[in-house]
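Remarks on the structure that follows.
Bear in mind that the values in this text are calculations on the coordinates, not laboratory data. Nothing here was measured: the structure is a model prediction, and the numbers come from that model. Neighbour counts run over all protein chains shown; Cβ positions are idealised from the backbone, glycine included.
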Amino acid sequence: MLKRFFQPTTATSLEQLPDLTGVLEKQYKEQVAQRHIEFDEAQFMALRPLQSMLDKLPAAVDYDLKSAAYKLLSNRPEKCRSLYIFGGVGRGKTMLMDLFYEACPIIPKRRVHFNAFMLEVHLFIHQWRQQNSTDAISALAKKIRDSALLLCFDEFHVTDIADAMILGRLFTKFFDLDITIVITSNRHPNDLYQGGLQRELFLPFVKHLQEASEIIELVAKEDYRFSRLQALDATYYFPLDKNAGEFMQQSYNKFTNFAPQQPGVLNVLGRKIILAAVHGDIVLTSFNELCAQPLGPADYLEIASEFSTVIMAEIPKLTAEKRNEARRFVTLIDALYEHKVKLICTAAVPAQELYTHGDGAFEFERTVSRLIEMQSENYLHTEHMGR
C-alpha cells in the first residue's frame, strides 16, 4: 500500500488547464438532472468554498513546482487555505469532495479514506524505525509532499492516543510544506478525540487545524443514505436469478453516485484482505470473498469498523459440507450487526432457509434473526458504530 505515496507525478501546466469557472455547480446540476442525487440547498451552498479552492489551487501548485529562479522573479499567488467539511452521517460530504477531486486538474493529488491512510502511516513509521535513526514523521511528510500537493481525506476521526500524537506532528508538517488538504468528518474539530486519553496534548493540533482551514458545516436536510436504502426494493434480494447481478450494480451505483469500481485492500495483523470494490466507507464484495476464505473475528471486526455499508453478492444455501463457511458467516453477521453496518445482499434463498441442517444449525437461528432485523427500518436508521 505504501507505493501509493511514492509514485512519481507530474503537474499539468496552467496553459493546458480547462476553464474551471463554475464547474462544480454545473456538475452538481448535471448529477441532479441525471437523478443520481436530489437537489439540496445546503449542499449547493457548500460547493462555493470548494469552487473557490478550485479557482486558486492550480496557480498555487504551479508556483510550488517552479524553479527557485522563477520564484525570485514572480509574485507568489494567493495561498489556498485547507477545507474541513463536517456534518451528520449521509449528508453528502463525500459526494461533494469527490466532485471537487474529480474536477481538480492538478495531477499531484490523492484522495483516501482516513482509516486506510492511518494504516499506511503506521506501517511506514514501523518500517522506517527498523532501518533509520532519523525522525520518521518528517521523512513521511517529505515523501508525501514529493508525490501530492493536494490531499483529500474522507471520514476523518481520532479515537486512539497513538493516532492523536502522530496527527499533531504530521499535519503541522503538511501545512508547513504547503500541502493543501480537504477533510470530511462527522465532527467539528473541537469535538475530535472527545474524552480521549491525554486529550490536552491533542488540543494544539485542533487549534492549528482551525487556523489553517476554513471550517464548513454541512446541514443538509436528510440522511441520503437512508433515503437510498428506502429507494431499494429490498436490502436482501433472492433468489440468485438473472436480475441479482443488476441489483448489486444498482445498489453500488446508488451509494457511490456511480463511482468506478476500484479494488480495495485491508491490512489486518499483517494479512491482506482483498475486496472487490471500495469507495469511501462502502464496500462491494461477495460471500466467497469473505466466507470461503480463512478469515476470522479480527478480520470481520476490521471490516465492520471500516465500512458503514456492505454490499455482498451470492450468499448460497448452506449445507453441512459448508459448515466452515456457515461459521464464518455467523461471525461476519455478528460483527456487522454489533457495529450497525448496513447489509445489502443477494442470496439463493430467504434468510430462514439459508442453513437448516448440519453442525451449528440451531445456533444459526440467531443469525437468521439478525438478518431479518437488519432489513427493518429501525435498524437501517441507526448510525454506524465505526471507529
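Global dimensions of the chain from alpha-carbon coordinates: Rg and Dmax equal 22.5, 79 Å. On a per residue basis, the convex hull of the C-alpha atoms belonging to segment 224-380 measures out at 102 Å³. The mean sequence separation of alpha-carbon pairs under 8 Å and at least six residues apart, normalised by the residue count of segment 224-380, gives a relative contact order of 25 percent. Helix 323-338 and the long axis of the chain differ in direction by around 50°, with both axes built from C-alpha atoms. When peptides 157-166, 300-309 are ranked by their average number of other Cβ atoms within 10 Å per residue, the highest-first order is 300-309, 157-166.
Database remark: amide H of K342 closer than 5 angstrom to the amide H of T309, V310 (H placed geometrically; neighbours at sequence offset of 5 or more, or on other chains; Pro and chain starts carry no H). Between R199 and S138, the contour length at 0.36 nm per residue exceeds the Cα-Cα span by 19.7 nm. When +1 charges are put on Lys and Arg Cβ atoms and -1 charges on Asp and Glu Cβ atoms, the dipole computed for segment 77-217 relative to its Cα centre reaches about 220 debye. Projecting label points 7 angstrom from Cα along Cα→Cβ for A42 and N75 puts them 4.0 nm apart. Using just its DSSP H runs of length 4 or more, each adding -39500 (n - 2.57), the chain gives a mean residue ellipticity at 222 nm of -14000 deg cm²/dmol after division by all residues.
Normalised by the number of residues in the chain, the average gap of Cα pairs under 8 Å and 6 or more apart makes the relative contact order 15 percent.
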